[in-house]
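J.: Would you mind keeping the following structure in view while I ask a few things?
Computed from the coordinates by the stated procedures, all read-outs in this text should not be read as laboratory data. Please read all numbers here as calculations on a predicted model, not as lab measurements. All Cβ positions, glycine included, derive from the backbone under ideal geometry; neighbour counts span all protein chains shown.
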Amino acid sequence: MSNRVPPLIMGHEFSGVVAEADDPTQLGSRVAVNPLISCWQCEMCRAGNPHLCPTRKIIGIHVAGAFAGFVVAPEINLVELPAGLSFEGGALVEPLAVVVHAVDFALRGGIPESALVIGAGTLGLLTTRLLAGVGVSRLVVTDLTVARLELAQTLGATRTINGRDRASADPMPTDFEVVFDCVGSGLTKIEAVRSVRSGGTVVLLGLHDETLPINAQELVRREIALRGAVTYTPRDFRRAVQILASDAVPYEDWIERRPLARGAESFEELLSASGKVVKVLLGDGS
Ligand SMILES: [Zn+2]
């Protein structure tokens, strides 16, 4: 993404132990860290939307992140991990909070009967799990990777469609009440609009491409609501901690923990991803 400008220590999804703090009672705490640094004074912040703060900065994007032994964060950004939640689970709080926030938009009009999730990476899998959890009865997931579609099924998809053999498969349904684009490429945005029913909602989370190659008249004529969703409020972040602590999101099958020194090779591997490892967690601690 264009907002990550080298030289930069990346890493915005992380958990750890407090090693140094102004408040000595915090020392040794196991925490997840909300990486959004907001001003807490502007109109957006005061209205409870610090994720939309115009001067917001993100740890790992605008300031040094967590692919390191130590990282600095404001104390207000720390959320204590419940005793049963592992550091791996703590590192998944951030992406789950993104999904909690996005799924909330889709649930405002009640629980949708049908939903399509485009992309079975971290965001797509977590979206699938939350939608299955609230009882969406027709829950379809598309991806280009067989292994990831199998994971989507274990997380609650009622049907999966592999975009690679679309030509030979049944045509894609076009009557979903809600569609989540968890990829954000030009093609997936077109697919999202094509697949939603008239009067339905498309939620855009993916940030793959910057432009929106969509026929605006189709949005008008079919009354399609197009909704962007980005990051999370502090409340979404705390809810993500609770959800992970309740074991509602199985993650052992699709994450892998490796030493920090294997970071570069892991990025290369994920770029050409075709396997079951959807997310690599880098860390040297216990
Ligand atoms: Zn602000």
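J.: State to the nearest 20 debye the size of the charge dipole of the chain about its Cα centre, where the only charges are +1 on K and R beta carbons and -1 on D and E beta carbons.
T.: It comes to approximately 560 debye.
J.: Looking at the chain, do any whole DSSP H helices span at least 18 angstrom along their long axis by alpha carbon and average 1.6 or above on Kyte-Doolittle, and which?
T.: 93-107
J.: Tell me, what does the Kirkwood hydrodynamic radius of segment 78-165 come to in angstroms if you use every pair of distinct C-alpha atoms?
T.: For segment 78-165, inverting the mean 1/r across all distinct Cα pairs yields 13.7 Å.
J.: Would you work out which of THR201, VAL277, ILE190 lies farthest towards the positive end of the dipole of segment 150-286? Charges go on Cβ: Lys and Arg +1, Asp and Glu -1.
T.: The residue sitting most towards the positive pole is THR201.
J.: How about segment 42-111: which trypsin sites (Lys or Arg not before Pro) there are in a DSSP loop, with at most 14 other Cβ atoms within 10 Å of their Cβ?
T.: Qualifying residues, ordered by number: ARG108.
J.: Determine the percent antiparallel among the DSSP beta bridges restricted to the chain, to the nearest 5.
T.: Among the beta bridges of the chain, antiparallel pairing accounts for roughly 25 percent.
J.: Next up: Tally Lys/Arg at +1 and Asp/Glu at -1 over every other residue whose Cβ is under 10 Å from the Cβ of LEU85; what's the total?
T.: That sum, taken over residues with Cβ under 10 Å, equals -2.
J.: Percent relative contact order of segment 106-155, based on C-alpha pairs within less than 8 angstrom and at least six residues apart?
T.: Relative contact order comes out at 41 percent.
J.: Over the chain, what is the relative contact order in percent, taking alpha-carbon pairs closer than 8 angstrom and at least six residues apart?
T.: Relative contact order comes out at 17 percent.
J.: Counting pairs of alpha carbon atoms under 8 Å apart in space and at least six apart in sequence, what relative contact order in percent does segment 85-201 give?
T.: 25
J.: For GLN26, what is the net charge nearby, where nearby means another residue's Cβ is under 12 Å from its Cβ and Lys, Arg count +1, Asp, Glu -1?
T.: -4
J.: All other residues with a Cβ under 14 Å from the Cβ of GLY186 taken together, and with Lys, Arg as +1 and Asp, Glu as -1, what is their net charge?
T.: -2
J.: Please identify, among GLY110, GLY119, GLY135, the residue showing maximal mean-square fluctuation in a Gaussian network model of the chain using a 10 angstrom Cα cutoff.
T.: Top of the fluctuation ranking is GLY110.
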